[in-house]
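Novice: Attaching a single structure in structure tokens format; questions to follow.
The values are calculated or read from the model by the stated rules, or taken from the named source; none is laboratory data. This one's a predicted model, so the numbers in the text were calculated from it and none came from an experiment. Neighbour counts run over all protein chains shown; Cβ positions are idealised from the backbone, glycine included.
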Amino acid sequence: MSTRTTASVSTHILDTSVGRPAASVAVRLSARDGRDADWRALGGSVTDADGRCRDLPVPPEGTTHVRLDFAVEPYLEQTATTRADAQQDAPANRDSGAVFFPEVAITFAVTPGEHYHVPLLLNPFGYSVYRGS
């Protein structure tokens, strides 16, 4: 059994439309100490070339819920042309050209002493997350 008094969090982003990591995406971490408590912004990081945030803040003792906010709009705008080229049969502009999901917010419950790795699988028209290892 762990003796740690707080949880730890890590994440990475994979752009599933091209099968590559999503680099240079800002990720912010917030925490609260109960479902009715206010969120406290703890800081953030930016994904590296491998799509990983290796230096997210550690949630404080008493944290029960964590929220990761991924600012994906700049990344999706910047990579739209590259992504369309990689999808040979996909049109470069499927609709208005606006990013459908400008941000992704993932909220999850945590237990002291546990590590939570929460990968984001991203594409221009959808996303999914899971608890990794």
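Novice: Those residues that are modelled with pLDDT under 60 and assigned to a helix (DSSP H, G or I), I need them from segment 69-105; list them, please.
Specialist: Arg83, Ala84, Asp85, Ala86
Novice: Let me ask something else about it. Among the residues of segment 117-133, what is the count of those that are modelled with pLDDT of 95 or more, in contact with a Ser or Thr (Cβ under 9 Å, 6 or more places away or on another chain) and not aliphatic (A, V, I, L, M)?
Specialist: Qualifying residue count for the region: 4.
Novice: Right, here's the next one. Return the residue satisfying two criteria in turn: it lies in segment 4-46 and is more than 15 Å from Gln78 (Cα to Cα) and of a type in the set (Val, Ile, Thr), and of such residues it is modelled with the lowest pLDDT.
Specialist: The extreme case among them is Thr5.
Novice: Considering only segment 30-58, how many residues are surrounded by 17 or more Cβ atoms within 10 Å (Cβ to Cβ), in contact with a Ser or Thr (Cβ under 8 Å, 6 or more places away or on another chain) and of a type outside the set (D, E, K, R)?
Specialist: 5
Novice: Something else now. Hey, Met1 hits all of (1) touching an Asp or Glu at 6+ places or on another chain (Cβ under 9 Å); (2) among the aliphatic types (A, V, I, L, M); (3) closer than 22 Å to Gly132 by Cα; (4) modelled with pLDDT under 95 but one; which does it fall short on?
Specialist: (1)
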